[in-house]
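Working notes for the structure below.
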Amino acid sequence: PATPAPSVCAMTCGNGAIDGSEQCDLATDNVAHMTGSGSTASKGCTTSCLLETGWYCTNKTNKATCNTYCGDGIQAGTEACDDGNTTNGDGCSSVCAIESGFTCSGGNTTTKDTCVETCRYIGIDLYR
């Protein structure tokens, strides 16, 4: 009888299981590296099963769940801002939302946001 050929195992990115060198696998939710909102927004795991910058994933034995780290200085996912901390009152809140009376800019996957107060009434009556 002929000797059977050895089996060949291959990694399959997109099957919902962390195989081989995959860092994450969201099954059909893996998306190309993108930013923004909507159905094409990054969910933390690329179509090559690599983690996006600023994301971490849990449940690595089955379809992963990926989230961002608010306060790490990397604006990712649905974060409106990320100034590198989770302090309220500095323009970017503890849940990475822009606070009332502030504008934030400059945040991306390599640079944290800078938030500044917009003009506000400070108790001076200019019409006296």
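Please treat every number below as a calculation from the coordinates, not as lab data. Every value quoted in this text rests on a predicted model; they were computed, and no experiment measured them. Every residue, glycine among them, receives a Cβ derived from its backbone with ideal geometry; neighbour counts consider all protein chains shown.
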Cβ crowding within 10 Å averaged over residues, with 15-27, 100-112, 69-81 ranked highest first: 69-81, 15-27, 100-112
THR12 neighbourhood, Cβ < 10 Å, K/R = +1, D/E = -1, net charge -3
